[in-house]
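Just below is one structure, and these are the notes that go with it.
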Amino acid sequence: MTSMSEHFTSEFFAGNRARLRGLFSGTAPIVLVANGLLQRGADSTFPFQQDATFWYLTGIDEPDVVMVLDKDKEYLIVPKRIGSRATFDGTIDDSALVRQSGIATILNEDEGWKQLSSRLRKVKHVATLPASPKYVEQYGMFTNPARGHLMRKMKAENRDLELLDLSQHLARMRMIKQPLEISALQRAVDITIDSLKDTLKPAKRSKYIYEYEIEADLTRGFRARGGRGHAFEPIVAAGKRACTLHNVANNGALSADELLLCDVGAEYSHYAADITRTVSLSSPSRRQEAVFETVLEVQEYAKSLLRPGVLLKDYEQKVEQYIGEKLRALGLVKTVDHDSVSKYYPHATSHFLGLNVHDVGDYERPLEPGVVLTVEPGIYIPKEAIGVRIEDDVLVTDSGIRVLSDRLPRILV
């Protein structure tokens with residue numbers, strides 16, 4: 001099996017820090033923090049997931065570490081692990097942090113905060129990433145509290161400290177993928193393709209009884225082929241369940257007359273694939289075929305629009321108009337307007353892809369070579385128990401796009 005960290009050495013992370021220093025022309029210290037562990041129950045935690053930007057700048061997969069870039073200095077502040085935590089979780093190997101990040105100075109919590117606090121008391125500004133709201137109503141989720149904790153700790157040293165937001169600089173950096181990142185993304189895509197091909201081959205799919213059996217085989221496939229696992233909660237949904245966009249229960253019984261939607265992606269070296277295929281569990285009806293072919297046509301149209309200089313807002317409007325005409329041809333809408341279309345197509349066609357499956361990026365900035373996007377139109381008709389989505393991952397090139405997932409057929413049977 002190939003190592004999951006083979007792509008990235010300290011030179012990659014040091015280069016990202018140098019680029020950030022170049023974009024941020026101020027003299028304020030830059031201070032960023034790793035994610036913290038989150039409680040699962042009692043004294044157990046959820047599997048640790050690093051803050052993507054912190055990893056992008058350091059390559060470090062440990063919680064609670066603080067990175068400081070200050071003039072010509074850079075150092076890491078490493079938290080203490082004492083008592084039972086050191087016994088169960090192990091201690092942090094400082095030399096490994098140096099090798100991975102390329103940051104030579106590692107300070108323990110007391111030494112590091114003594115040095116940082118002295119500096120914070122002398123400056124008016126510190127550059128960082130702002131804390132997320134504690135609770136995001138739109139998604140019904142609580143957020144990792146690490147950034148908020150860092151803000152409070154810095155403000156305790158200097159209550160007049162003003163925070164400079166690095167979000168736009170870092171979003172634009174991460175939006176344009178470097179060759180190593182494209183290689184990792186392609187590997188994640190290839191792992192996903194090979195696992196889907198194996199799991200959804202016609203002779204095999206007819207033997208599944210429950211959605212979770214398919215999820216389990218995909219999980220095995222991702223790990224066996226060198227992936228870390230799923231880049232996001234997999235969606236394996238048949239029939240009407242496929243009309244719930246993020247149906248992640250994956251526990252429904254399968255019926256031969258249904259279509260099966262699989263929206264999955266392997267994670268490789270922190271980078272995410274995101275591919276959707278919809279297949280028939282037996283012989284599709286004419287109506288199912290018509291909806292599938294319509295989504296396929298919409299995806300081809302959407303891909304034809306993507307090239308450098310395109311604004312995603314304009315692109316989404318064109319795709320919505322096009323799919324609206326197709327919905328009218330299917331007898332689903334009488335007039336093509338946003339409200340009518342969104343009843344059957346309630347999501348965007350594309351999002352940025354990278355370290356996060358819904359990656360950061362500037363949606364107001366024209367596309368440039370090096371941007372990686374999904375292209376994922378869909379049509380969802382709950383009353384007919386038909387949900388179809390077809391999703392591929394594409395790289396914007398100098399002249400158009402390259403479909404990273406082109407090796408995976410888009411067929412219904």
Review point. Got at least one residue in the stretch 218-232 being in contact with a strand residue (DSSP E or B) (Cβ under 7 Å, 6 or more places away or on another chain) and of a type in the set (Ser, Thr, Tyr)?
Key: yes
Point to revise | Selection count, the stretch 123-157, where residues are hydroxyl-bearing (Ser, Thr, Tyr) and not in a loop (DSSP other than H, G, I, E, B) | key: 2
Check your understanding: If you check THR294, THR278, which single one turns out to be surrounded by 13 or more Cβ atoms within 10 Å (Cβ to Cβ), in the same structural domain as GLY229 (by TED's automatic domain parsing) and within 24 Å of the chain's Cα centre (by Cα)?
Key -> THR278
**Study point:** Hits in the stretch 246-266 - residues which are under 14 Å from ILE209 (Cβ atoms) and surrounded by fewer than 22 Cβ atoms within 10 Å (Cβ to Cβ)
**Key:** ASN250, ASN251, GLY252, ALA253, LEU254, SER255, ALA256
Point to revise | Evaluation of ARG402 against (1) within 30 Å of THR53 (Cα to Cα); (2) in a loop (DSSP other than H, G, I, E, B); (3) among the basic types (Lys, Arg) (one fails), failing number | key: (2)
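The values are calculated or read from the model by the stated rules, or taken from the named source; none is laboratory data. Note that the coordinates shown come from a computational prediction; the quantities given were computed from them, not determined experimentally. With ideal geometry, Cβ positions are generated from the backbone for all residues, glycine too; neighbour counts draw on all protein chains shown.
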